[in-house]
1. Restricting to segment 829-848, count the residues that are part of a loop (DSSP other than H, G, I, E, B) and either out of contact with any strand residue (DSSP E or B) (no Cβ under 8 Å at 6 or more places or on another chain) or crowded, with 18+ Cβ neighbours inside 10 Å (or both).
2. Does segment 44-69 hold any residues that are in a strand (DSSP E or B) and either surrounded by fewer than 18 Cβ atoms within 10 Å (Cβ to Cβ) or hydroxyl-bearing (Ser, Thr, Tyr) (or both), and which are they?
3. Conditions: (1) at pLDDT 95 or above; (2) farther than 29 Å from residue 630 by Cβ. Residue 439 meets all but one. Number of the miss?
4. Residues of segment 894-926 being among the charged types (D, E, K, R), more than 30 Å from the chain's Cα centre (by Cα) and part of a helix (DSSP H, G or I), which ones?
5. Does residue 931 satisfy being touching a residue at least 24 places away in the same chain (Cβ under 8 Å) and touching a Leu at 6+ places or on another chain (Cβ under 6 Å)?
6. Can you tell me which residue among 328, 292, 318 is at pLDDT 95 or above and either under 30 Å from residue 362 (Cα atoms) or surrounded by 21 or more Cβ atoms within 10 Å (Cβ to Cβ) (or both)?
7. Among the candidates 1011, 1030, which residue alone is over 30 Å from residue 212 (Cα atoms) and in contact with a Cys (Cβ under 7 Å, 6 or more places away or on another chain)?
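The values are calculated or read from the model by the stated rules, or taken from the named source; none is laboratory data. What you see is a predicted model; the values in this text were computed from it and never measured. Note that we place each Cβ from the backbone using ideal geometry, even for glycine, and neighbour counts take in every protein chain shown.
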Amino acid sequence: MSMKNHPICLIYMWIGMCLLIFPGSLVWAGTASAGGKQTLGLRHPALSPDGRQLSFSFQGDIWLASASGSNPKRLTVHSSYDSMPRWSPDGKWIMFTSTRNLQKDVYVIPSTGGTPSRITYHSAADVGLDWSPDGREILFASNRQNGMSLYAIARTGGLARRMVHGLWNIAHSGAWSPKGDALLMGSSMEGAFFWWRKGYTGPNNDNIIHYNLKTKQATQLTHHKKNDVWPMWSKDGTSYFFVSERSGTANLYKASIQGGKKRALTTFKTGPVRWPSLSRDGRTIVYERHFQLWKTDTDTGRSERIPVSIQAANPHPQRTHTKLSSVQEYALSPDGKKLAFVMHGEIFVTDAKAKTAIHRVTRTHWREYSVTWDADSRHLLYLTERGKGFALVKRYPFSKKETQLVQSKTPLYFPTVSGDGQFIAYVKGKTDIMLLEKGKQPKLLAKTQHGGFMGWTLKWAPDHRWLMSIELDRGRGDIWLHHVDGKRSHKLTQTAAHDADGALSHDGKFLFYRSNPHGSDWFTRVGGDDLKLLPLKAMKRPFSEDRLEKLFKVKGKKKKTAKATSKKKKKASTKPATKTAKKKKKASKKTSKKKKTVKMVIDTFDILERTKTLTRLKGDERYPKPSPKGKRLLFFANTSGVVQIWMASFHAKKARISGAKPIALGLRFRHLWGDHGLRWASDGKAAYVLHRGKVVRIAIPSGKIQRLRLTTQIEIDHQQQRQQKFRELWLTMRDQFYDRGMSGLNWKQVYKRYLPAVQQVQTDEDWTDLMNEMVGELNASHLGVRLRRRGRALQTGSLGIEWRVVGKRVMITKILRRGALYNADRKLSAGAWLDSIDGETVTSSTSIHKLLEGKVGKRVVVVVKVPSKAKKVTWTKRSLKVRPMSYGADRWLRYLSWARARRKKVNAWSQGKIGYLHMRGMGQRDLYRLIRDFETQSRHAQAMIIDLRFNWGGNIHDRVLQILSRRLYSTWQIRGMKSWPQPFFAAAHKPMVMMINERSLSDAEMTANGFKALRLGKIVGVGTYRWLIFTTSSTLIDGTRFRLPFWACRTLDGKDLEKVGVSPDVYVRNTFSDRLLDKDVQLKKAVDVLMKQLKAPKKARK
């Protein structure tokens, strides 16, 4: 389940690569030095067919060495990431995987050196795995048509053919049998995408599958509750080797293809075996362990480290001068003249219009953040963490000296300075609002349910003595005011709705905020957020009679008083004699204005009844920002289908707004999560906002925008940066991970254990895998660090077809409904021949994906050959103008085809008595589809199947359960017409079945748990994934993102659903073979269960 702020949870579809560590003398914990320096971080080893040479990846390149580890030399040199080398059976070629074209593709290079040849052309991830026994084909894994499957392609490239079918069959880590007639493979998401997770036990554990290429039959070889991964064939093909966690740590095992006991080859207690490869003679397995290369004799089980020492320098620069132009946050000074901003974790200052120089304030490899100005507009305050805890720091921008105001082992958030500079408020942890008075020690102002990192900024009232905060109650916000004396607090909003985005008017008389009283559940709201206005003191409504009578009053001349006469004379006789006197007088006026204080009056009697609605636009309105003089209001709205800034006039006496309209029309925002730094300038003549990494100045009232040119260059030490990111990640997990006990780990020891490796890692890919290994020790779902993209590859177009090679020709075997070719010619059917694409003849050696590279949405001319109706002509050519779709859209159409087939099966098996719907995810669009399909299917059905198999989660469980819980309570009838039920659509009075399986995860598990707890019907299938924690996404100093599980989900009796999942009432499993044949025994059982209930008396159905 996801939140943050609440993006829908999607499963990461990347193939992991493991760790890389730079040469050095440090050794991973548990490894003894063998005398002298050792090179750490050698990866993905593979022995040559003759056993004399060893290939591996290091520093992002492919290397060769002798089998004993001596004489290492570099085979490839490229700025991209080359990995996973595999030798051809004759030893002449080495296949490897590379990101040279911004996505993973398979390449081949002569083992003696030369220019690599690109073999696969697809914007999906293609990862090379093995060679066919004759060396003519390469086996690779790809997610081009489903989650992950196996494909084969000629060594010289051309058309790839899918080896393993089934929409939902995950196939990875494939190995070709010595005879070429079978494959061994892994079969779960755990092994394919989360190989670094340690200790997972659940229904979706990985098992080894044997697949006969001739009979198309699949046999599950392992059945252990722990993960079994990375299968390898023995030389004679009668047995196999694999890696398993069944002993607690990933070790090597051997077993017979015919079954029987699994024998452990290694018995390591620490240091998991990673990325093994078996020699062609079957005698030696080489692999990674403790970030070094190891080997094991398959007969004796004798294991030893392969000593490799590399003295060569890394050709890829570790220090670079980098241009910075993307702003992470900014702060406008109280006087409106200066701008502080953060880029890449460093603080800079310039003038408010960016017309002067840019001055760099901080120069550390640590991250500084939450920058704000002191009341004097001369000093900065910011937060940092430099290895000794979190600190609140004060600094004059042009001085190297920092003043540490607060030091804390607990995270600090949202520092804010009162307008008079007397107080600094900040949040400590998730619950403590702290107050630092000038010249005193910090003190606790209020113990709250603020939320810390997931909460809202604190704001000072205009009198500088009241502090506004937003605090959570059952996941929904309430707006509070706390006085600096610590004795007075007021809850201003007292509804069950989510009230947030509070802002006080300049005179302290009004509170602006947003709320949705019609329904506040995340993702499942009824209506939208509106802006509200709360007068803090009851307003007296003027009498219209008084206004009328005022019109008739005679305006007489005012009598001059002695005092007025005296002032007039004084004014005439005291004219400033000099310019200096004029300046002093002007300054004194400004000072007198500043000294004016606002007196806050908070009347809580019947406060809820005073709330007024300011906006009723279509969609959501959020983040109201009243102007400094109180005459205008800025806010965000998505009324027009896009998120824009709106402005309105505010009328305080009438407590309403008028003239609301979008301004700054050139700015469109991607989402409504966060106020994008929208701020007024102190004079009210301009506003500032952060838009896609740029600070934008908006002139008021014209709305004219000016993107401030904030560009500079700094030198980045990437090795130090990776250490900083490591510490950020480690600290965030320490402080925010949902399990306070850190899954039983000593998290400090984990830090010490990984630090030496982090200090040596030299590529971002290896750092990412290293961090995934670390968080994987927590054995939790929704974890993972994702490599930051360096750019986007050209998207491969899809024609929405499947094909088969016949001789040298390509026959179309399937045309996807609503696919690209289907839309071009709906009369075209399977059996046609693919002749050419944009004039290029298509044969078995043609790479269709290469021809469709970068063609998504563009016109492509496809020529097909179809049977001719003419007697003398067998085939005729038909030229079609086709608009290729993305491969993501192709996968979606394959899913829709599968779902339609399920519905058709249910309809046939039940003779139309049972309705069926499948939910792919638990997001807003999935909810809309559920409402549509549920009302359509349940209208005439006597029973319902709700299928949550292969559901990837989200956050709409409560709304789904509300729909499924509807019961009939009355009927309506118009005279002479049929009666209608109330509610119009309901199913709770009918028999229902919910289907789950090992890939029902996250919010699907929460929904299934609710379905069972509410006793809405029976659950059919197998246990759920055990992948249920609320998660959010966090960002590191360089923009790298990682998932953070921070919110536990438990049953009513306190069981952690992450650990136990949801069990079915009726257990039935679909096997790998079932999915190959599109045989759905689970669905048939669900129909049987419901048909049995329909035959029973009504009282006995539930």
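1. Counting residues in segment 829-848 that are part of a loop (DSSP other than H, G, I, E, B) and either out of contact with any strand residue (DSSP E or B) (no Cβ under 8 Å at 6 or more places or on another chain) or crowded, with 18+ Cβ neighbours inside 10 Å (or both) gives 4.
2. Result: 55, 57, 66.
3. Looking at each condition in turn, residue 439 falls short on (1).
4. Within segment 894-926, 902, 903, 904, 905 meet the criteria.
5. no
6. Exactly one residue qualifies, and that residue is 328.
7. Details: 1011 fails: in contact with a Cys (Cβ under 7 Å, 6 or more places away or on another chain).
After ruling out the rest, the residue left standing is 1030.
For every residue, the table says whether it meets (1) out of contact with any Ser or Thr (no Cβ under 9 Å at 6 or more places or on another chain); (2) in a helix (DSSP H, G or I); (3) of a type in the set (Asp, Glu).
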site	(1), (2), (3)
941	no, no, no
952	no, no, no
958	no, yes, yes
961	no, yes, no
971	no, no, no
994	no, no, no
1001	no, no, no
